[in-house]
Amino acid sequence: MDQYRPTWVSISTTSFAHNVREMKRRAGRRVAVMAVLKADAYGHGAGRLAPVALKAGAEAIGVSSLEEGITLRQSGVLAPILILGGLYPFKNFSEAVKARLTPTIASFEAARHLFKISKMLDRPIAFHLKVDTGMGRIGVSPEGAVSLLDWISRRPSLRLAGLYSHLATADDNGSFARLQIRRFKKVARAANDLEIKPILLHLANSAGALRFKGSHFNLIRPGLALYGLSPFANRNFPSFSPVLNWQTRVIFLKKVPVRTPISYGQTFVTKRPSVIATLPVGYADGVPRLASNRGHVLVRDRACPVVGRVTMDHTMIDVTGKNVRIGDKATLIGKQHRSFISAWDWARWAETNAYEICCQISKRVPRTFE
Ligand SMILES: *Cc1c(COP(=O)(O)O)cnc(C)c1O
């Protein structure tokens, strides 16, 4: 459909490709990069970014669900795709195999089902085994992994293509991350002893990849860093480039006297005669309601504070003395001359992280790619 409302996200495929190459450079020749494009590439658009990631040198793609994997296959992606999430119900394994998606096995029960399916289809099935070394989400325990590996080693139709785990604290608690690395190495050694050496060993998310060489093994799984966002809650992320730009325009302007209440609940009341602008975006677009009276946007290169509550479809900003006109561009995420607003700024205002800010930019906001 044609776009009428002046609100859009533009995605720089050039910056994204640069970030993939930067990650490849840091990983070195012997370590492969799996570009994590789950949740529609963290809200950026997986269908468009998958080919960019592969062209820039990523060897594989990580997604969360069968749906996400099938969508990428339908868009023509031929590279290996690992489903990082736990597949359930287990009969979904056959759908994954049909679409040439690599499933994750995270329990004995799942392994038994995969074996049944391999017998039914009368063909070997490749998968990655997930070990829980301390994340506490999905995965077999390190001890359970050793007995499961033994069980797998006696079933040749189950092809262990990868063994992996996930770091819980790579962005802050380094000593726990190092403990996870040690636990993972122990399981990898056990697999080696059983002579079912997996081809791929992987543990690192963006933070792990950037901070712990010892977490690289032979593949890393960066997500956030590829979008130009630091996993360390930092606005500045030198040598990576921001990818997502969110713009809108001023659609309404009013001059109001002192003591004028603005928006629901009158949580903001002008302290001076003011000029208030209305933007055609609200929490239904992904502007966090928690940023009410906290956040700001850029108009005419200046920071203009959000005043009053963010509403479903509109957000008001104070533009007093800034010479703002109807139709002026307002930047929610991105740069205007020397000023810059990062997803991490919104994360701070909304008491969350940059991941959630990006994922929350709703389908109502069209993405353009350049
Ligand atoms: C999301 C995810 C990643 C990527 O994490 P980032 O912090 O975005 O780099 C890697 N591995 C798994 C299993 C994940 O779920």
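Since every read-out is calculated from the coordinates, none of them should be taken as a lab result. Just so you know, these numbers come straight off a predicted model, no measurement behind them. Neighbour counts are summed over all protein chains in view; Cβ atoms, including those assigned to glycine, are modelled from backbone coordinates with ideal geometry.
Here are some notes:
- Phi angles of the range 247-264 translate, via the Karplus equation with coefficients 6.51, -1.76, 1.60 and θ = phi - 60°, into HN-Hα couplings of 10, 8, 9, 5, 10, 7, 9, 9, 9, 10, x, 4, 6, 8, x, 10, 6, 3 Hz per residue; Gly and Pro are given as x.
- Distance between modelled label sites at Lys363 and Leu179, nm, 7 Å Cα→Cβ extension: 4.2 nm
- Whole-angstrom gap from the range 225-257 to the range 266-336, using each part's C-alpha centre: 14 Å
- Here Lys255 is the anchor, and the aspartates and glutamates within straight C-alpha reach of less than 14 Å, apart from those fewer than 8 places off in the same chain, are Asp318.
- Added length on full extension, which subtracts the Cα-Cα distance from 0.36 nm per residue, Lys271 to Leu290: 4.7 nm
- Backbone HN-Hα couplings from phi across the range 11-24 [Karplus 6.51/-1.76/1.60, Hz, Gly and Pro as x]: 10, 8, 5, 5, 5, 4, 4, 4, 5, 4, 5, 4, 5, 4
- Residues whose amide H falls under 5 Å from that of Ala32, counting only those 5 or more places apart or on a different chain, are Leu219, Ile220, with hydrogens built in the peptide plane.
- Across the range 166-179, computed HN-Hα scalar couplings (Karplus, 6.51 cos²θ - 1.76 cosθ + 1.60, θ = phi - 60°) run 9, 7, 8, 9, 4, 8, 9, 6, x, 6, 5, 4, 5, 4 Hz from first to last residue, x flagging Gly and Pro.
- Label-to-label distance for Leu194 and Arg21 is 4.2 nm, based on points extended 7 Å past Cα in the beta-carbon direction.
- Cβ-derived FRET efficiency at R0 41 Å, Asn323 paired with Met1, nearest 0.05: 0.75
- Amide H to amide H, with H built 1.01 Å from N, Val297 comes under 5 Å of Cys304, Val306, counting only residues 5 or more places away or on other chains.
- For Phe268, nonlocal amide neighbours, meaning residues 5 or more places apart or on other chains whose placed amide H falls under 5 Å from its own, are Ile262, Gly308, Arg309.
- Each Lys and Arg contributes +1 and each Asp and Glu -1, all at the Cβ; summed about the Cα centre of the chain, the dipole is approximately 600 debye.
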